[in-house]
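The values are calculated or read from the model by the stated rules, or taken from the named source; none is laboratory data. Here the structure is a predicted model, which means the values were calculated and not measured. As a convention, Cβ positions derive from the backbone with ideal geometry for all residues, glycine included, and neighbour counts pool all protein chains shown. The area values use the complete protein model at the heavy-atom level, side chains included, leaving out ligands, DNA and RNA. Shrake-Rupley method; radii C 1.70, N 1.55, O 1.52, S 1.80 Å.
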Amino acid sequence: MFSSKKKQRNAQETTQRASHLISFMNPKSNQAEQFRTIRTNINFAQLEKNVKSLLVSSSIPNEGKSTLTANLAYVMAQTGKKVLLVDADLRKPTVHRTFKLNNTEGLTTLIADEDDSVKFNQVVQYSRELNLYFLPSGPVPPNPSELLGSAKMQSILTTLENHFDLIIFDAPPITAVTDPQILATLVDGVVFVIRQGFVGKDKVKEAILSLQNLKTTILGYVFNDVPKSSGKYYYYE
Ligand SMILES: Nc1ncnc2c1ncn2[C@@H]1O[C@H](COP(=O)(O)OP(=O)(O)OP(=O)(O)O)[C@@H](O)[C@H]1O
Ligand SMILES: [Mg+2]
């Protein structure tokens with residue numbers, strides 16, 4: 001049902017080289033274990049809130065959002081859930097690079113399709129090896145905030161929520177652009193990454209405050225790059 005055989009093969013062959021996907025490359029590592037712990041914590045939060053879609057964001061660039069998103073999507077899919085990873089970082093998309101996917105079509109293709117002629121399963125790609133579905137960003141538009149804030153985006157999310165158990169969005173940082181705030185109002189919850197010793201407290205406060213003002217549910221905080229810990233990720237809710 002999903003995509004062509006060629007697309008499936010592309011995703012399968014190339015994930016073998018996805019260096020950021022430590023949970024897949026080295027499942028016995030401390031880092032992979034940390035990602036599974038984060039999964040457990042989110043699953044607990046999910047029980048209470050019935051989370052179908054979540055957004056991963058942070059205060060500033062380079063805090064490890066995309067690395068977390070990719071690994072989280074993978075470990076969630078390992079439990080047998082039908083998981084879709086969406087690259088909603090329309091300014092600096094990386095999902096297609098991490099998973100070596102074709103990015104000529106993606107989220108932007110669906111949003112820009114005014115007459116609903118493109119069905120989501122024509123642009124979603126699947127990796128049998130990872131049991132993971134992908135919606136790459138698609139061509140980068142000049143007006144990402146406008147696209148993400150459109151009524152079409154809302155209806156796409158509703159459709160996707162009907163077809164997948166969990167949708168995980170990779171997004172830009174909160175204090176840089178308004179895109180993540182827009183997305184935060186659409187999804188069921190936000191996972192907030194804080195890279196320790198890298199981001200200033202003021203920026204973290206500013207970002208969390210803006211999420212609280214939107215009345216979004218913050219599912220939890222992931223501390224990345226924690227010194228003196230056995231792994232590099234630490235989850236706190
Ligand atoms: N704990 C860590 N230790 C060392 N390097 C890390 C760690 N977390 C992330 N990085 C590195 O930081 C860089 C940025 O990571 P990533 O792309 O996941 O961040 P991001 O928050 O998605 O960035 P952007 O805001 O640009 O989208 C990558 O080179 C990644 O390997
Ligand atoms: Mg990123």
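With only Lys, Arg, Asp and Glu charged, each at its Cβ (+1 for the first two, -1 for the last two), find how big the charge dipole of the chain is about the Cα centre; round to the nearest 20 debye.
Rounded to the nearest 20 debye, it is 820 debye.
Mind listing the long-range amide H neighbours of Ser58? Cut-off is under 5 Å, sequence gap 5 or more, other chains count too, H placed in the peptide plane at 1.01 Å from N.
Ile174, Val193
Please state the shape class of the chain: rounded when a/c is under 1.5, otherwise prolate if a/b exceeds b/c and oblate if not, all from the C-alpha gyration tensor.
Oblate.
What residues have an amide H closer than 5 Å to that of Lys52, excluding those fewer than 5 places away on the same chain, when H is modeled at 1.01 Å from N in the peptide plane?
Asp188
Let's test the formula: R0 of 35 Å, r as the Cβ-Cβ distance of Glu129 and Gln212. What FRET efficiency results, to the nearest 0.05?
After rounding to 0.05, the efficiency reads 0.35.
Using a 1.4 Å probe, what is the accessible area per residue for the chain, in Å²?
46
What's the center-to-center distance, using Cα atoms, between region 82-109 and region 138-174 in Å?
The distance from the Cα centre of region 82-109 to that of region 138-174 comes to 11 Å.
Return the calculated 222 nm mean residue ellipticity for the chain, to the nearest 500 deg cm²/dmol, obtained by summing -39500 (n - 2.57) across DSSP H runs with n ≥ 4 and dividing by the residue count.
It lands at -12000 deg cm²/dmol.
Looking at the chain only, what percent of DSSP beta bridges run antiparallel? Nearest 5 please.
Taking every DSSP beta bridge within the chain, about 25 percent pair in antiparallel fashion.
In region 119-218, which GluC sites (Glu not before Pro) are in a loop and have at most 14 other Cβ atoms within 10 Å, using DSSP for the loop call?
Glu129
At 0.36 nm per residue, and after removing the present C-alpha to C-alpha distance, how many nm does the segment from Lys92 to Asn26 gain when stretched out fully?
So the chain would gain 21.1 nm between Lys92 and Asn26.
Could you please state how large a percent of the accessible area of the chain is carbon and sulfur, counting protein chains only and using a 1.4 Å probe?
Roughly 49 percent of what the probe reaches on the chain is carbon or sulfur.
Between their Cα atoms, which of Lys119/Lys152; Lys28/Lys203; Lys81/Lys119 are more than 24 Å away from each other?
Lys28/Lys203
Where a ≥ b ≥ c are the square roots of the eigenvalues of the C-alpha gyration tensor, would you call region 145-192 rounded, which needs a/c under 1.5, or, failing that, prolate if a/b is larger than b/c, or oblate?
oblate
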